Amino acid sequence: MVKHAKPGSFYDTFERKGAGQRTTHYCPGCGHGTVHKLIAEAIDEFGVQDRTIFCSPVGCSVFGYYYFDTGNIQCAHGRAPAVATGLRRVNPESIIISYQGDGDLAGIGTAEIIHAANRGENITVFFVNNAIYGMTGGQMAPTTLIGQQTTTTPGGRCEARDGSPIGMAELIDALSTPVFVERVSLADGKRTMKTRAAVRKALRNQIEKKGFSFVEILSPCPVNWKMSPSEARRWIVDTLEHAYPVRNFRDGAGEPRAAAGEPRAAAGAADAASGLWLDDEDLHSLLSSRHDFPDDLRVHDIAEQRVKIAGFGGQGVLSAGVLLANCAITSGLHATWLPSYGPEMRGGTANASVIVSVDEIGSPLVDDPTTLLAMNGPSLDAFERSVVPGGLIIANSSIVPREAERDDLRFYPVPASDIAQELGFLGAANVVMLTAYAALEGFPSPETIRHVIPHSLKRKRLEKLNLRMVDAALDYVAKNPIRLPAGQARR
Amino acid sequence: MRQLMKGNEAVVYGALLGGATHFFGYPITPASEIAHAAAELFPASGRHFLQAESEVAAVNMIYGAAGAGARAMTASSGPGISLMAEGISYIAGAELPCVIVDVQRAGPGLGNIWPEQSDYNAVVKGGGHGNYRNVVYAPNSAQEMCDLTYRAFNLADLYRVTVFLLSDAYVGQMMEPVELPERAIHGERKPWALYGDAQSRGNLISSIHMSTAEQGDHNWHLRAKYDQIASEYTDWQEVDVEDAELLFVAYGISARVAISAAQRLRRTGVRAGLLRPRTLFPFPRARLAELARGTVRDIAVVELSDGMMADDVQLAVLDSATVHRLNWLGGEVPTTDLVVDRARELIPMLTTLR
């Protein structure tokens, strides 16, 4: 039975409201007061007042917190389901009610409601549909009926211009995740009792952690409909319920299940008992790399190295740069690694800029490399001119068809792709190139490269293969000492 | 022990050690590595990661999570930050704490994914509607991406504000060695938050103040809070300013290039220095004014925008030094050479040095 006493989940007086602290701010004949009362009674009955957090929307019910003696949070227009998601993901035990009108939920907030429903957030949504914007002055809502006059459809809603009234219960029912979807009405006592049952069911589902429940309530707005309260209730039965059939769409709340918002690894100290929450020490060890750098690999005197590594995407250009930068750190030096990134990475050319220095590094851009590692022909074409005089170019001579044109620098061809292919993994030509660079420049040391490779490469199974690349490259450089480039030889 | 990582990854390391428990993300280049690392490391440490359906939803999830007392964050880039403007305004009005990282790309509109610093006005001046400010950190290295995120949560909680990290595509994408903070810190129970229990039942998170007087009082309260933050938390780095006649002012990736330019000029005999704001709100206005009244004659503001921060520099120094705008747009980051050349074109005291 509908009780006439004020529910315990309502404030005794509505002190937050200002004037008239014993009455609501709603207009005569409005449905919000009824819905509020049904919700408050259900909260009382389930004994969840302390646990309840009421999310107020933007609209006439923006002041839900005047009335509900629960936790309260007022949300941006249409965003309450996202706010409720945030609340839910923090606290699995709170009872979260998202109370929304038709402009809020079916207009500006369609994305948020659909996705919260689709995630199956364990929350309860009460959607008060009165087919009009109330608070802002009777404008067309997405639920306004065809032909219905509003302040923005003075000639009536026109389907060709404005589209059709949107059935939110039907839309929510199209998703597989929600557990309870029902449309109810406040047109008379019998219907209100059905509403009461739906409100209770939707809340109980949440308490039992069954998942997302959605109750659409057809509710009168006599003032903006320009009707008397009794006319308004008749209009719901005669007209609104024809556009929006009152029925249960889904009652799939069977066994409790792991609803979204009950994540395996939810947050907060409350979950410490689950064993998944890492304490400070475990967190630190998760975030720290599990290796320490030996002191004997430290380097103290080295001229600044500005290395450009360039080639096709997929040649390991970026990871060769990471390997070099990791070698620098292991040697106790400063390092920066800057990729060319974005669309360029997905096919086409790629390059990485690495700076290694004893001093702190200002600009990480390498516009005048001391060394260029050209993994392919286009890279040599693109960057040869930028190398500093006296610098070094190493070219992957397996596929770079020419030597350097400049005669004021050192040029070293190494058939990196062939060497890598012979050892069984073409993809490690980058390691051959980098090792050749190390052998020619004296940094990083072969020991450093060998030490870093296991920590630097993502694919651990290739560790041994990559270490063999290092040996092969060192062997090649030992057997093929650097010679003057063709230009210098001719001169 | 130093680890090589991208600035974007370093954000997540700093966040977890700084007590972050909730990350709500939406993918966008060049910020996505933050979401990638968060998606791995938040759940792996018992914290929570959720990919939202949009940046609008992400920021409202933060509103809910912060309202429930959690240390919550997100990361995005320009287009996503625009979408978050509404939520950030509500967060400011309701005085919720949170941390947002903006890895700036070029705009307006879809722009491109290369670095600009053109979100400055949107982030530093507020960005959404109403009288409010965000505290804005400006990291210029992977280490600072970690450290400033780590610090951001305490600051956000202390003042109940949004703390931004205003980064850029290069600082986000660049890998550098990072030393992790030694001590993990955590948020405490907040007397105003919603815990779904008897103790917090009377709490209300809201940004509505129906009477003009109440709204006015609230806004003056916010203003006083921002002034207090300004008096306590303005942060910047100085290099070679003691005798500087030419002062570079830059943040983020621009500051990395500007310091190289300043050092190069100093080697040619120019008394050049750098002031790098580490907070953009609050802005080191008083220190700039002081330097401009001292030895500094010319100020070169190096910026990947059309001069947004230079406006603030100009306002700080008025006519006590000449402010030159060295701006690059469209995603180009100038080399040290280009910055030096541009300075020589614009600044009379350098023209004789050619």
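Readers should treat all values here as calculations from the given coordinates under stated rules, not as data from a laboratory. Small disclaimer: the values here were computed from a predicted structure and weren't measured. We place every Cβ from the backbone using ideal geometry, glycine too, and count neighbours over all the protein chains shown.
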The alpha-carbon center of region B:1-38 and that of region A:164-199 are separated, in whole Å, by 42 Å
For B:V136, other-chain or 5+-apart residues with amide H closer than 5 Å (H placed, Pro excluded) are B:F164, B:L280, B:F281
Taking amide hydrogens as modeled 1.01 Å from N in the peptide plane, which residues meet the under 5 Å criterion relative to B:F248, leaving out close sequence neighbours?
B:G273, B:L274, B:L275, B:A300
Pick from B:E188, B:E33, B:E86: which is most flexible by mean-square fluctuation in a GNM of chain B where alpha carbon atoms under 10 Å apart are linked?
B:E188
If you average the alpha carbon positions of region B:134-181 and of region A:381-395, how far apart do those two centres end up, in angstrom?
36 Å
Helix B:7-17: inclination vs chain B longest Cα principal axis, degrees, rounded to 10, gives 40 degrees
Checked region B:236-351 with the C-alpha gyration tensor, a ≥ b ≥ c its square-rooted eigenvalues, rounded below a/c of 1.5, otherwise prolate if a/b is larger than b/c and oblate if not; verdict rounded
Mean projection area, nm², convex hull over Cα of the protein assembly as shown:
40.6 nm²
Can you work out the Karplus-derived ³J(HN,Hα) for every residue in region B:281-290? Use 6.51 cos²θ - 1.76 cosθ + 1.60 with θ = phi - 60°, whole Hz, and x for glycine or proline.
10, x, 9, x, 5, 5, 5, 4, 4, 4
Between rounded, prolate and oblate, where does chain B land on the alpha carbon gyration tensor, with a ≥ b ≥ c its root eigenvalues, rounded for a/c under 1.5, else prolate if a/b exceeds b/c?
prolate
Please name whichever of A:L87, A:S98, B:N219 sits farthest to the positive end of the charge dipole of the protein assembly as shown, dipole taken about the Cα centre and charges placed at Cβ: Lys and Arg +1, Asp and Glu -1.
A:S98
Span from the region B:219-250 Cα centroid across to the region A:438-485 one, whole angstrom
48 Å
Residues meeting the amide H criterion for A:I95 (H placed from the backbone, H to H distance under 5 Å, 5 or more places apart or on another chain) are A:T52, A:I53
Relative to the compact-globule scaling 2.2 N^0.38 Å, provide the ratio for the alpha-carbon radius of gyration of chain A.
1.51
Could you name the lysines in cross-link range of A:K460, using Cα to Cα under 21 Å and dropping any fewer than eight places away on the same chain?
B:K6
Dipole magnitude of chain B about its Cα centre (Cβ charges: Lys, Arg +1; Asp, Glu -1), debye to nearest 20
340 debye
Separation in nanometres of the label points that stand 7 Å from Cα toward Cβ, at B:I208 and B:W220:
2.4 nm
Shielding by other protein chains, B:64-75, mean Cβ within 10 Å:
6
In what order do A:Y412, B:Y251, B:Y170, A:Y65 fall by count of nearby beta-carbon atoms within 10 Å, going from fewest to most?
A:Y412, A:Y65, B:Y170, B:Y251
Whole-Hz Karplus ³J(HN,Hα) for region A:96-109, in order, using 6.51 cos²θ - 1.76 cosθ + 1.60 and θ = phi - 60°, x for Gly and Pro?
10, 10, 9, 10, 9, x, 7, x, 5, 8, 8, x, 5, x
How compact and how long is region B:101-219, expressed as Rg and Dmax of its alpha-carbon atoms in Å?
18.1, 53
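Give me the inter-chain shielding for B:168-176: mean count of other chain Cβ atoms within 10 Å, whole number please. List each step's numbers first, then the result.
Numbers: counts 0, 2, 7, 1, 1, 7, 7, 13, 10.
Counting Cβ atoms of other protein chains within 10 Å of each residue's Cβ and averaging gives 5.
To the nearest 500 deg cm²/dmol, what mean residue ellipticity at 222 nm is calculated for chain B from DSSP H runs of n ≥ 4 alone, each contributing -39,500 (n - 2.57), summed and divided by the residues?
Values: 13 runs with 154 residues, N = 354.
So the calculated ellipticity at 222 nm is -13500 deg cm²/dmol.
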How far is it, in nm, from the label point at A:A160 to the one at A:D367 when both lie 7 Å from their Cα along the line to the Cβ?
6.1 nm
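Extension gain A:H4-A:K460, at 0.36 nm per residue separation less the Cα-Cα distance, in nm?
Full-extension gain reported as 157.0 nm.
So what is the relative contact order of chain B, in percent, for Cα pairs below 8 Å that sit 6 or more residues apart? Each step should come with its number before you reach the end.
On the way: 789 pairs, mean separation 63.1, N = 354.
In percent, rounded to a whole number, it is 18.
Considering every residue in A:278-289, what mean count of other chain Cβ atoms within 10 Å of its Cβ is obtained?
Details: counts 7, 3, 5, 1, 3, 9, 7, 0, 5, 13, 4, 6.
Going residue by residue through A:278-289 and averaging, the value is 5.
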Taking the dipole about the Cα centre of chain A, with the C-beta of Lys and Arg at +1 and of Asp and Glu at -1, give me whichever of A:S56, A:M168, A:T370 is farthest to the positive side.
A:M168
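About the Cα centre of region B:1-137, how large is the charge dipole given +1 on each Lys and Arg Cβ and -1 on each Asp and Glu Cβ? Please answer in debye to the nearest 20. Don't skip to the end; give the middle numbers.
Values: 7 positive and 10 negative charges, 62 e Å.
Computed about the Cα centre, the dipole is about 300 debye.
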Need one number: nm distance between label points at A:H300 and B:D319, each 7 Å from Cα along Cα→Cβ, rounded to one decimal.
5.6 nm
Setting aside same-chain residues fewer than 8 positions from A:K209, which lysines have a Cα under 20 Å from its Cα?
A:K201
Residue by residue, what Karplus-based ³J(HN,Hα) values in Hz, rounded to whole numbers, does region B:303-319 have, using 6.51, -1.76 and 1.60 with θ = phi - 60° and x for Gly and Pro?
8, 8, 8, 7, x, 5, 6, 4, 4, 5, 5, 4, 5, 6, 9, 6, 9
